[in-house]
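Below: the structure, in structure tokens.
The values are calculated or read from the model by the stated rules, or taken from the named source; none is laboratory data. Note that the structure is predicted; figures quoted are calculated from it, not measured. Here Cβ is always computed from backbone atoms with ideal geometry, including for glycine, and neighbour counts include all displayed protein chains.
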């Protein structure tokens, strides 16, 4: 018996064969996960519509590990020439409006029309535990089984605006993988979802009838960004109330100034549960795309969005560089202690940190 085998037997003395097998399997899995994937191989696989490669690439892009940063950049750069060939749709609404049910029904309708649909579902992160449930796949059981659909849940983290930190880059990867309809489901936080509006072509606002939010709908804010309003759950005893809500929102929209796009927002009713009115919403979206492409607003908006994300990326990188500078990190702890003992103010502490040399 070799020395290596003797050592292995000594280490595993008293351990069953099953436990040894499980231990080896876990170690192999860890090694596989830790292995850096070749970015060129991932890109090739993504362009060949490999969903596993797409998921791995998105994980790399979302990662905060500095070792993954360059790989992620290479992948995005290589995929960019193959992107921008989709219709990007943002869907929002208050919690309970039926976003997940609507997206599943809507997604199934689109795949039946020969479309390839990617759903980027953003889950709110807890401000206490920092965790997210990421359970959207369990709420879209039919769509997740559809070979022409892809659902990617992501945590919003500390990102405001109802989207995840890397949603914009994820869109590029999904487009490169051949998905021609990208749906972004926001966390549904009300009137603070301007960020998702800055990365989609069409913004759909889901509403409920008789939920007491008709007045909220008339208020300026998210309603101004909507290209269409759909009154969901327009079925059963709620059908009459939904029709009344449609009339009220249609009237309210006349008080808003004309959109730069030249598009007049539409109001419609639907029942995602009963698969009613879904085709009407898709027709509205197609009409919007046709109108805005004809007057060139579609391309103008995308160019504006790219400029917006340039500035956002610079701001994010500057913030990251600032807080990861060693002497800033050390002085930050000192200033926080001074604030706790009332020896300085937040404004004075910020002034000290901002004027420090970046070593």
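When you check residue 49 against the structure, is it modelled with pLDDT of 90 or more and closer than 27 Å to residue 290 by Cα, yes or no?
For residue 49, the condition - modelled with pLDDT of 90 or more and closer than 27 Å to residue 290 by Cα - is not met.
Please find, among 97, 61, the residue that is under 10 Å from residue 173 (Cβ atoms), surrounded by 14 or more Cβ atoms within 10 Å (Cβ to Cβ), at pLDDT below 95 and not assigned by TED's automatic domain parsing to the domain that holds residue 317.
Going through 97, 61 in turn, the sole match is 61.
Checking the conditions here, which among 284, 229, 278 is in contact with a strand residue (DSSP E or B) (Cβ under 8 Å, 6 or more places away or on another chain) and within 20 Å of residue 113 (Cβ to Cβ)?
284 is the lone residue from the list that is in contact with a strand residue (DSSP E or B) (Cβ under 8 Å, 6 or more places away or on another chain) and within 20 Å of residue 113 (Cβ to Cβ).
Evaluate the following for residue 92: is it modelled with pLDDT under 90, within 21 Å of the chain's Cα centre (by Cα) and within 30 Å of residue 290 (Cβ to Cβ)?
yes
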